[in-house]
Each structure stands twice: as structure tokens, then as C-alpha cells.
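Read the structure below first, then the notes.
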Amino acid sequence: MEIPYVVEPRQDTGLFNAKVGIWLFLASEVMLFGALFSSYILLRVGADPGTWPHGLLNIPLGMANTIVLIVSSITVVMSWASLKMKDFSKYKKFQAITLLCAITFLCIKSYEYHDKFTHYEVDANPGATVQVGEGNDVKPVAIKPGDYLDGHILEKDNEKLVLHGHIINRIEAAKVTHAWQEREIKDQEITIKQSDITLRPDGKKAMENFGPWHNTYLAIYFTLTGLHALHVIGGALVIGFLWGPGARMWKTEPERYTNRIEISGVFWHFVDLVWIFLFPVLYLL
């Protein structure tokens, strides 16, 4: 039995079956991400003044990923347009760039995740002394109430804990309400200049990395970006299949194959659009 409306549009919708299906699917996706964005807004608005973190994410990397996805949106359209013009070789080239962009995006996001899982906050006992500096330029600094160490661990054993980062005071840091005000922290010497910090084990109360368990902001960050990354992987797998073994359909049913490329492109545009919202919400605001 032949399945109707795989190429020609339906009379009631003016769309072929796959396009109706993808728009219904994307409607559910909008509700999913809409609920998560709404949760982010409610959590942020409900947070106590001065407690919502700022400046934890790498804005240049986020911008780079935004550019990568915008380029991929262009190439996915150009690949579909190439098929409409019966130029299969150009389609292959443009879609290869799309896949390369997807891999680049995931690599950058993996680097960001790795940075968070190796970034630690260390609570030190007030009165404990840490050694700050590198080489011959090392000086002792006493930990004051409210101070904590923030940085990436370089060395950890039973005799010492060494990390590269800052000493930050929570009371003063809580006064910061925007990322651009971080300069004020440095200007007021609330944090020391980023350097190597050595702490004896008996001076440490607790230590935790910047995973999703660290605070509410990072929990929603990992949830939103992790779900988005899964969509990138899913979209790339479909595009990769159609670019590879699925391309045999071009020889037998070129119009149906072109429609499949269009549908995969519609989903890819949605993935790109979600990131266009994620970038300013998580990285800039």
C-alpha cells in the first residue's frame, strides 16, 4: 500500500505529511523548553538579592557557539536549496559544513562542562593561613570570616591543596548584582589577583566543584544546555544519516528525499533558535 502525501501536499493543510508531523512535534518542544525557561525566570526572581551568581560562564565561548550555530542554519538551508536545483554535490558540501558545525558546537560545550567540573569552591577555616603566589613571590594570607577559595585544583594530597584562583569574601561578593560589576570587586581588592594558593588539609572545611549540585543557577544551566546538547546530537545524527547511507533515496525518489532534508532543516532551525535564547539568558543577563 502506498502512503499518501509523502510528496504532494494535503488538501486540508497544504503541507505534506512529514511537515505536519514536524510542526506538531515542535509544538511539544516549545512547551518543554517554555516550561524550563519559565522555571529559570521564577527561580531567578525568587532568589534573595545578591545571591544569584554572575560571571560564571565564558562569554566568548558562548558567542563562538552562537556564531557556529548561525552558520549551520545558513548551510542547512543552502543544502536544501541545492537539492531543489538538482545539484547533489553542492548539497553534500553544505551539509558536511552543517555537520562540522554541530561537532564544533559540541566540542566547545564539552570544554565548558569540563571547566565547570574542574572548578572548585573551597571553604577554609577562619584563621587558617594560605600561601599565595608563584615561585619566589609567595606570601602568607590569613583567611577571614566569609572568605573562600575559588579556582582550578593543580595539586591535592595529604599534605597540601594547591589551586589556581582567587580568595573571595562572600559578604562583599554578594554586593555584586551584575557581571560587569566584577571589576569593582577587583578594584576594591575584595579578591586577590588570580594566583596559586596553597592550603594545608587541616585548614579546609569543605570543597565542591561547580557541577549542577553546586547552586540553583548551575542546576538550571546544566539542565537547559544539556537538554539542548541532546537535541544537537539528535539533529546531527539524522542529518548525518541522510547525508550518508540515506542519500541513496536521491537516486530513486529525489523529491521525497528533498522533503526529508527540508524536515531535518526545520528541526535544526528550532535547535538554533533555542540557543539564541539560551545564550543571552544564561551568559549575558
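Computed quantities for the displayed model
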item	result
Within segment 75-188, strands (runs of 3 or more DSSP E) holding 2 or more residues that are of a type in the set (S, T, N, Q) and modelled with pLDDT under 95	129-134
Contacts under 7 angstrom Cβ, first residue in segment 249-267 being assigned to a helix (DSSP H, G or I), partner among the basic types (Lys, Arg), 6 or more apart	Met249/Arg256; Thr258/Lys84; Ile263/Lys19
Positions within segment 115-128 being buried (at least 16 other Cβ atoms within 10 Å of the Cβ) and of a type in the set (Ser, Thr, Tyr), in sequence order	Tyr120
Whichever residue in segment 189-209 is part of a loop (DSSP other than H, G, I, E, B) and on the phi < 0 side of the Ramachandran plot and, among such residues, is modelled with the lowest pLDDT	Ile190
Cβ-Cβ under 8 Å pairs, at least 6 apart or on other chains, segment 76-96 side outside the structural domain of Thr258 (by TED's automatic domain parsing), far side surrounded by 22 or more Cβ atoms within 10 Å (Cβ to Cβ)	none
Verdict on Leu278 being free of Cβ contacts under 8 Å to residues at least 60 places away in the same chain, crowded, with 20+ Cβ neighbours inside 10 Å and either closer than 22 Å to Ala27 by Cβ or in contact with a strand residue (DSSP E or B) (Cβ under 9 Å, 6 or more places away or on another chain) (or both)	yes
Matching residues in segment 30-50 - criterion: being loosely packed, with under 12 Cβ neighbours inside 10 Å and of a type in the set (Ser, Thr, Tyr)	Ser38
Qualifying residue in segment 210-229 (condition: loosely packed, with under 15 Cβ neighbours inside 10 Å, over 21 Å from Ile108 (Cα atoms) and modelled with pLDDT under 95)	yes
Residues within segment 25-55 that are charged (D, E, K, R) and closer than 24 Å to Asp115 by Cβ, tallied	1
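Results for (1) surrounded by 13 or more Cβ atoms within 10 Å (Cβ to Cβ); (2) more than 23 Å from the chain's Cα centre (by Cα); (3) not small (Gly, Ala, Ser), shown as yes or no for each residue.
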residue: Val71; (1), (2), (3): yes, no, yes
residue: Thr75; (1), (2), (3): yes, no, yes
residue: Ser82; (1), (2), (3): yes, yes, no
residue: Asp87; (1), (2), (3): yes, yes, yes
residue: Tyr91; (1), (2), (3): yes, yes, yes
residue: Thr104; (1), (2), (3): yes, no, yes
residue: Val130; (1), (2), (3): yes, yes, yes
residue: Lys139; (1), (2), (3): no, yes, yes
residue: Gly151; (1), (2), (3): yes, no, no
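The values are calculated or read from the model by the stated rules, or taken from the named source; none is laboratory data. These figures come from a predicted structure and were not determined experimentally. For neighbour counting, all protein chains shown are included, and Cβ atoms are generated from backbone atoms with ideal geometry for every residue, glycine included.
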